[in-house]
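Take a look at the structure below.
We did not get these values from a lab; they are worked out from the coordinates using the rules stated. Worth saying up front: this structure is predicted, and the values here are computed from it rather than measured. Neighbour counts run over all protein chains shown; Cβ positions are idealised from the backbone, glycine included.
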Amino acid sequence: MKAEAESPGVLRRVVKRDGNLVAYDRDRIATAIFKAAASVGEGDRALAERLAADVERALVESYGAADEPPTVEDIQDVVEAVLIRQGHVAIARAYIIYRHERAKARAARAATIEATDNIPYKLIYEVLRWNMDRGCETVDGLNRIVAEGRLPDLIRDAEARYDAEVRQCARRIVERLPTARMVIIAGPSSSGKTTTTIKVGEELRKAGYALTAINIDNYFFDLERHPRDEFGDYDYETPHALDLQLINRHLIELLEGRTVRTPHYDFKTGKRTLDVHELRLEPDHLLLIDSLHGLYEGMTCGIPAERKFRLYIETLGQLRNREGTFMRWADHRLMRRMIRDSRHRNHAPLQTIAHWHYVRASELKHIIPFIGSADAIVNSALPYELPFLKARLFKFFEEAVALYREDAKRQDAYLRAKRVRDLLEPLTAVEDDRDIPPDSLFREFIGGSRYSY
């Protein structure tokens, strides 16, 4: 829900999950707190109403004069933060479970993917429970794991969970054969699509199926054709930076058994060369696609839906900072991308932070709205990543905060950098990555992988 600030310091309206504006009602907050308190035998309605008033004051302070007020999730985050800050830990925990139970009730049946407000609530509830069972759902919990020498155990468990999800997806693909000849691995930037594609391919080969991969990145138009912003930055994130017409023509020809010659794109020069890579889909092969925009209808509109298996990847991490606020999935992926861009795309980490507004705008428009069309979802967030990410990136977030603080045109980058810096600051940094296996998805970003990217 979003509150509409119609006058400074006042919350007037709230945007529901379906996008409709309704009147802001503090009593709804009090009721939710009261239910959580009653479930643990603490407090009464009067306490709930006092806490709701504190939540409202916090909301007014943060959003009362904002042009873009908070979502339902933002308001619920503030409720959790107020409860924890005032020492109502049991109520806070009950509220978190209540919040996720409500989300679970909105989720689809086990065999389907349902995304309310573009969020697969049933899945993230399961992720939260997995993290809570291992004590890694908070910054302090991660620090305890590091201090007690249990990080290798968390690495092992997290890798096993992810690999199990990949195997399950591969089994579901096999069940769809021979009708589905195209496997699409889609998801937002730095969600781990490439490694997931490789691992799905390994599992399918074990089942006796051969794969032919098509590299969608080679279909970018020349960089000079991409739109620019006021800073001169190019937008790689829109699907319209890709030659969608040529992609569809080649996909149709490949599924018909014809040979195509795909282009080659050089990211360092920003130039595309046509008719470079010869590609053919043999009768017993599956066509494998790894693309940001794999679920975007324009990407594969020439192919009937029953011939496609759509797998969506996202970092569905559930980690709370010391104020009780959950880390944003996009912030997790931003950190991964900062490392990847500096290693492979000749972009400095600060450039990636400044460019991220393009990434998010495109995700929200061209990627995330299509979660509900996926046949399966894999959570690529590995909760052990954060200590390693801090060791590699913390200094860049501190630099970005200082650099962009007074830059009126870069306030988006400033707020983003400050949010991530504040999350990472209390974390224990870990540099020695020897316990991370060579086939880990995380090595797609930090290096040392046994896979070639």
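The table below lists the values:
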quantity: Computed lengthening from residue 364 to residue 269, 0.36 nm per intervening residue step minus Cα-Cα distance; calculated: 31.4 nm
quantity: Debye intensity ratio I(q)/I(0), log10, the range 246-373, q values 0.11, 0.16, 0.21 Å⁻¹ (C-alpha model); calculated: -0.56, -1.05, -1.32
quantity: Mean Cβ count within 10 Å, highest first, over the residues of peptides 74-83, 423-432; calculated: 74-83, 423-432
quantity: Computed magnitude of the charge dipole of the chain (debye, nearest 20; Cβ of K, R +1, Cβ of D, E -1); calculated: 620 debye
quantity: Modelled label reach - residue 163, point 7 Å along Cα→Cβ, the range 421-450 residues with backbone N closer than 16 Å; calculated: 435-444, 449-450
quantity: Exposure proxy ranking, count of Cβ atoms within 10 Å, fewest first, for 341, 133, 266; calculated: 133, 266, 341
quantity: Sites residue 40 and residue 133 - FRET efficiency at Förster radius 22 Å, r taken between beta-carbons, to 0.05; calculated: 0.65
quantity: Among (i) 1.07; (ii) 0.97; (iii) 1.03, the entry derived from the coordinates for Rg/Rh (Cα atoms, Kirkwood Rh); calculated: (ii)
quantity: Relative contact order computed over the range 239-309 (Cα-Cα under 8 Å; 6+ residues apart), in percent; calculated: 35 percent
quantity: Nearest-ten-degree value, helix 89-106 long axis tilted from longest Cα axis of the chain; calculated: 40 degrees
quantity: Interchain or long-range residues, amide H under 5 Å from residue 213's placed H; calculated: 288
quantity: Dipole axis of the chain (+1 Lys, Arg; -1 Asp, Glu on Cβ), positive-most option in 246, 155, 141; calculated: 155
quantity: Derived scalar couplings ³J(HN,Hα) [the range 33-40; Karplus, 6.51 cos²θ - 1.76 cosθ + 1.60; whole Hz; x for Gly, Pro]; calculated: 5, 4, 4, 5, 5, 5, 5, 10
quantity: Relative contact order [Cα under 8 Å, 6+ residues apart], the range 107-446, whole percent; calculated: 25 percent
quantity: Of all DSSP beta bridges in the range 107-446, antiparallel share, percent nearest 5; calculated: 35 percent
quantity: Whole-angstrom gap from the range 152-168 to the range 397-446, using each part's C-alpha centre; calculated: 24 Å
quantity: Pairs of alpha carbons in the range 355-437 whose separation is greater than 17 Å (percent); calculated: 63 percent
quantity: Between 0 and 90°, nearest 10: helix 72-85 axis offset from the chain longest Cα axis; calculated: 50 degrees
